[in-house]
Structure formats: C-alpha cells, structure tokens
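Let me begin by presenting the structure, written as structure tokens, before commenting on it.
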Amino acid sequence: MSQSKATVEKEPFSWPRESETRVPYRVYLDPAVYDLEQERIYRGKTWSYLGLAAEVPNPGDFKSTFIGDTPVVLTRDKDGSLHSFVNRCAHRGAIVCRELTGNKAVHTCVYHQWAYEPSGKLVGVPFRRGLGGKGGYPADFKMEDHGLTTLRVDAMKGMVFATFDPATESLAEYLGPSMIENIERVMCRPIRVLGTTRQLMFGNWKLYSENTRDSYHGGLLHLFYPTFNIYRPMQESHTVMDARRWHNHFTVLKPTGTEGIEDYKSAKGMRVIDEKATLADPSVIEFKKDIGDRISLSIQSLFPSVVLQQILNALAVRHVVPRGPKEVELIWTFFGYEDDSEEMLTHRLKHGNLVGAAGYISMEDGEAVELVQRGIIRDEDESSFVEMGGLGAEDLDRVGSDENSIRGFWKAYREIMGFHPANTAKPAASAA
Ligand code: FES
Ligand SMILES: [Fe+2]
C-alpha cells in the first residue's frame with residue numbers, strides 16, 4: 001500500500017481542468033490509483049454496504065463479504081446485535097471465516113484454532129500456557145488485546161453498512177434525507193431474501209458505478225426497455241441526488257401510452273425498435289403495484305458501491321466489489337416481501353429474468369464495462385467526455401439524455417481521493 005501511495009504522490013495526479021466532465025483513463029488502469037482508492041475511499045470516511053439484516057436473521061448467523069477488496073464478515077451476536085470484523089486472524093493473519101454464509105457461535109481459525117465470538121472477541125487460544133509447563137505465551141498475554149479488527153456498523157431500514165473510520169459522520173447524515181426516502185420506500189415492510197447471483201466483469205469497478213448512474217445509455221444500450229415500453233426517454237421520470245451529489249436515484253413512472261417512440265427515429269445510425277416485437281409470455285413485464293405508487297423503475301446508487309433497484313417487480317441489491325484495477329464482481333441479492341403471496345413470489349421470480357448477469361435488460365451492462373476497459377488500454381493520459389446534459393450535477397425532472405449523476409459520482413471521487421484539477425490549488429467548486 002505505502003509503495004503505491006508513494007508512486008501516486010511522486011507523480012501528483014492532476015485531474016483535467018474541465019473537472020467532472022473529463023475522466024482520465026488512468027483511474028481505470030493504474031494499480032497505484034487502485035491501492036489509493038482502497039485506503040482513501042473504502043477505508044476512509046465512507047459507509048460501505050455489507051448486506052441485508054434479513055441475510056443474518058438469527059443469533060450466530062454470518063455473511064462473508066468485502067469492503068473494497070478487504071475481506072470482512074457481517075455477524076449477528078447472541079443478543080441480536082449486528083457486528084462486523086475484518087476477516088483476518090489476530091494471530092498470523094489467516095482468513096478466519098472461509099464460508100460465504102452460515103451460523104456459528106464461535107469462529108475458529110483453521111490454522112492454529114484461535115477462536116472468536118461473533119463480536120470479534122478472542123475466546124480461545126490452544127496451548128496458551130504451553131504443554132507440560134513448557135512453551136506457551138508469556139504471563140502478560142491478555143486475550144482482550146488480541147481480538148479481531150472490528151468495524152463500526154449501522155443500518156438503514158435493514159440495509160447494513162460499515163465504516164473503517166471512527167470519525168465518519170452517521171449513516172443517516174452520510175446518505176441524506178433524499179436517499180433515505182427511497183430506502184424507506186423500497187424497504188416498506190419486512191423482506192425475505194430470495195437468492196444471490198454473482199458475476200465477474202473484466203473491467204474497473206468505477207465503470208460499473210458510472211453505468212448505474214448513466215441515464216443516457218438506458219434506453220439505447222438496453223433496447224428491451226423501449227421496445228416493450230418499460231422505459232423510454234420522455235416518460236415521466238426524475239433524477240434526485242443528495243445534497244453533496246455523491247448518491248443518486250432515478251425513478252420512472254409507469255408509462256400511460258407510447259410516448260417517446262418517435263425519438264428513436266431521430267439519429268442516423270440508431271438501432272431501430274422493432275415495433276411488432278411481442279413476448280411469448282407478457283407477464284414477464286407486467287407491473288404489479290406492490291409498493292403502492294406508480295414508480296415502476298427505481299435505480300438508486302449509493303457511493304461508493306451499492307445499488308438498490310426495483311425494475312418492475314424485481315427487487316435487488318447490487319454490491320459492486322473491486323477485484324483489482326481491471327476486474328469487478330457484482331453480487332446481486334434478490335428479495336421480496338415476507339407477505340408476498342405464492343402468486344406474487346412466482347411473479348417476482350419471473351421478473352428476476354429481467355436482471356442479473358443474463359437479464360433481458362442488464363446483461364449488456366457487463367459487456368459495456370468490458371468494452372471500455374478494452375478500448376482504453378495504454379492511453380492513461382486521455383479522458384472520457386461527460387458533458388451530456390451540461391456541466392453540472394443538479395436534480396432533474398427527467399431520466400434521459402444527461403450525465404448529471406455520473407458527474408456527481410466523480411465529484412465524490414475527486415473530493416475523497418484529493419484529485420484536484422490541474423492549475424488549481426484545491427478542488428474546483430462543484431458545478432452543482
Ligand atoms: S493464523 Fe489464525 S490461529 Fe494462527
Ligand atoms: Fe444499464
């Protein structure tokens with residue numbers, strides 16, 4: 001870590017003077033930048049997603065996950081409280097918890113069998129006093145000095161987050177009221193977890209983070225959306241961000257007609273919608289208003305790396321897990337409500353076909369991430385162009401032809417990383 005940090009500091013990183021409207025390709029390629037992200041973003045003053053409280057409902061339940069690329073574990077203690085620890089033995093550094101999920105009163109490291117409670121407290125050290133009066137630890141060895149590294153944990157309506165930095169603001173302050181409003185909307189009643197899928201993409205994690213904030217591509221890359229009138233630009237829709245513009249939320253209301261179809265005939269070279277296309281099973285896009293409002297599409301991206309989504313009746317959390325500068329894993333956790341009828345559960349599972357690695361709507365995103373990663377090779381000093389919709393990152397009464405939320409993401413990124421535009425002594429004032 002320290003070596004790569006030194007590399008970045010030796011060659012100060014000047015962001016292009018156009019600020020958030022240019023993203024230097026170096027940030028998707030350079031291992032030194034990646035290492036600095038782990039330190040400043042994932043171990044800095046941010047809240048990172050761990051999982052859903054419903055994934056660890058009982059005392060002793062646990063889930064292995066990651067903050068950035070650091071392995072961590074989410075646990076529930078015998079008193080019902082939630083904890084998280086870095087998944088690294090306090091003895092000699094081995095991974096302690098090797099399962100993805102399960103239930104354990106005590107986590108025992110396989111190497112020399114040091115044992116820890118779900119809170120991270122060390123409760124067992126074999127041969128601590130030696131064997132036959134020989135060996136063992138010195139008399140001043142104290143169990144309480146050798147627990148696991150624990151993290152600060154907080155939850156918002158069943159979404160559990162943790163932070164490495166004790167000085168990070170509260171989770172509620174970090175998210176802000178406009179983001180909390182949608183979390184409360186989706187998590188409006190007790191949920192039940194339906195399953196998890198994982199996909200590996202050969203691209204930098206930030207390419208996926210941009211993608212979920214990219215309303216420009218939605219109706220273009222994913223032609224399933226406009227073809228079946230799930231989403232077209234010009235439908236009633238909104239883009240809302242928090243006060244700092246770090247997080248964003250897109251909503252689209254269920255269309256009432258065929259608005260926007262003419263826009264698909266406007267640009268040369270544009271792929272044409274097949275207006276005669278039909279589905280063998282139309283129920284795969286039939287929207288049931290189970291949350292109680294007209295919002296049929298809701299994509300909420302929380303900095304740095306989690307997305308809460310509702311696409312028709314498919315509800316899921318997408319956890320973006322960096323795997324080095326050029327790989328990212330996307331973990332989808334699908335859920336419904338505890339009070340779903342059998343019919344609603346079947347319907348929801350069917351809507352799961354819309355999303356995930358091979359989803360009718362989302363499969364192209366993995367390809368788009370990889371296309372960029374392959375396209376930018378060896379050109380670290382060149383930049384992407386992010387001026388659609390202007391220069392700022394303000395809220396909008398639409399979701400469509402703009403890149404406001406992407407600029408919001410880069411604003412957060414630059415502020416936390418300390419990457420300032422060239423020729424300025426401090427971060428440029430936000431255009432928002
Ligand atoms: S490394 Fe875990 S007990 Fe030794
Ligand atoms: Fe997409």
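The values are calculated or read from the model by the stated rules, or taken from the named source; none is laboratory data. Because the structure is a prediction, the values reported are computed rather than measured. Every residue, glycine among them, receives a Cβ derived from its backbone with ideal geometry; neighbour counts consider all protein chains shown. All accessible areas refer to the heavy atoms of the entire protein, side chains included, with ligands and DNA or RNA removed. Shrake-Rupley method; radii C 1.70, N 1.55, O 1.52, S 1.80 Å.
See the values below:
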item: Which listed residue, of LEU308, LEU312, is over 28 Å from GLY392 (Cβ atoms) and either within 30 Å of the chain's Cα centre (by Cα) or surrounded by 13 or more Cβ atoms within 10 Å (Cβ to Cβ) (or both); result: LEU312
item: PHE85 within 16 Å of ligand 1 (Cβ to nearest atom) and part of a strand (DSSP E or B); result: yes
item: Top-ranked residue of the stretch 352-371 - restricted to ones that are within 13 Å of ligand 2 (Cβ to nearest atom) and either among the β-branched types (Val, Ile, Thr) or not in a helix (DSSP H, G or I) (or both), ranked as farthest from VAL284 (Cα to Cα); result: VAL369
item: Test result for LYS63, touching a helix residue (DSSP H, G or I) at 6+ places or on another chain (Cβ under 7 Å) and either modelled with pLDDT under 95 or surrounded by fewer than 16 Cβ atoms within 10 Å (Cβ to Cβ) (or both); result: no
item: Pick from the stretch 315-345, criterion outside any strand (DSSP E or B), in contact with an Asp or Glu (Cβ under 9 Å, 6 or more places away or on another chain) and not aliphatic (A, V, I, L, M), ranking: most open to solvent (accessible area, probe 1.4 Å); result: ARG323
item: Residue in the stretch 239-271 that is modelled with the lowest pLDDT, counting only those that are under 29 Å from GLY176 (Cα atoms), open to solvent by 30 Å² or more (accessible area, probe 1.4 Å) and out of contact with any helix residue (DSSP H, G or I) (no Cβ under 6 Å at 6 or more places or on another chain); result: LYS254
item: Which listed residue, of ASP140, ASP77, is more than 30 Å from TRP205 (Cα to Cα) and touching a residue at least 24 places away in the same chain (Cβ under 8 Å); result: ASP77
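Condition check ((1) over 28 Å from TYR42 (Cβ atoms); (2) surrounded by 18 or more Cβ atoms within 10 Å (Cβ to Cβ); (3) away from ligand 2 (no atom under 16 Å from the Cβ)) across all residues:
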{"site": "PRO126", "(1), (2), (3)": "yes, no, yes"}
{"site": "GLY132", "(1), (2), (3)": "yes, no, yes"}
{"site": "PHE141", "(1), (2), (3)": "yes, no, yes"}
{"site": "GLY147", "(1), (2), (3)": "no, no, yes"}
{"site": "ARG152", "(1), (2), (3)": "no, no, yes"}
{"site": "ILE180", "(1), (2), (3)": "no, no, yes"}
{"site": "ARG185", "(1), (2), (3)": "no, yes, yes"}
{"site": "ARG198", "(1), (2), (3)": "no, no, yes"}
{"site": "GLU210", "(1), (2), (3)": "no, yes, no"}
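Rundown of residues vs (1) over 27 Å from LEU330 (Cα atoms); (2) charged (D, E, K, R), yes/no style:
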residue	(1), (2)
CYS89	no, no
GLY93	no, no
CYS97	no, no
ASP140	yes, yes
ASP154	no, yes
